[in-house]
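Notes to accompany the following structure.
Just so you know, all these numbers are worked out from the coordinates, no wet-lab data involved. The shown structure was predicted, so the numbers you read here are calculated from the model rather than taken from an experiment. Heads up, the Cβs are rebuilt from the backbone with ideal geometry, glycines too, and the neighbour counts pull from every protein chain shown.
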Amino acid sequence: MDCPDEVQAVLDTYHDKHLEFYRLAAQGPCELVTTGDNMDQLTCPPHFFQRYAVPYYHALAEILHAGGKIAQGHWCGQLDQLIPYMPDCGLDVIEAITPKPMSHVDMREAMEVLEGKITIQGGIPSVYMCDVGCTRDELVRYIEELLEQIGHCRGFILGMGDNVPDAADFTRVKMVSEVVERYNAMKVTG
């Protein structure tokens, strides 16, 4: 607040330097480029998000799309106040959506707001990969209920909300795959 011109100059420099990276990435062989921004509303509340993040995302998406790339952001943490801005933020995919109980995000409500306008990946609370997060039976029920509620939604990729913790029981990751396979087999035969 004391030095708005100086702060804006630094932000403009960051913006320009980041876009240089995306120009290089747009020429590379990868199909998807992620921002690595770790966005959430605690570090970027809605008024800052609209002022700074949305123009940035639109600029990088324009560059990446011109190179035939998919623009992805890494958003984890508290996002319930940013969900209304997701469909028009400029990104194609938002990865690592962290739901309740780790945040205030309700996945079913989020998918209704997004209306398939943007793809989100996430929905599994990473603490559910640990014994302290829930029982194995609770994990299976959670995945089954989540798939039943929003598994059919356009623009949803089931995945981890943020990262699998280092203290995880990695057999639970395999359990998620098994639940998805059973769900898909039931939908095909049902």
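Some observations on this one:
- Hits among lysines - C-alpha to C-alpha of K187 under 22 Å, sequence gap 8 or more where chains match: K174
- For semi-axes √(5λ) of the Cα gyration tensor in Å, calculated from these coordinates, the label among [x] 28, 19, 15; [y] 30, 20, 14; [z] 33, 19, 15: [z]
- The aspartates and glutamates within cross-link reach of K17, meaning a Cα-to-Cα straight distance under 20 Å and a gap of 8 or more places when in the same chain, are D5, E6, D37, E62.
- GluC sites (Glu not before Pro) restricted to DSSP loop in the stretch 11-86 with at most 16 other C-beta within 10 Å: E31
- Amide H contacts for I94 (H built 1.01 Å from N in the peptide plane; partners 5 or more residues away or on another chain; cut-off under 5 Å): G73, T119, I120, Q121.
- Likely footprinting exposure, S177, S103, fewest C-beta neighbours within 10 Å first: S177, S103
- Computed from backbone phi, the HN-Hα couplings of the stretch 173-178 come to 4, 5, 4, 4, 4, 5 Hz, rounded to whole numbers (Karplus: 6.51 cos²θ - 1.76 cosθ + 1.60, θ = phi - 60°; Gly and Pro given as x).
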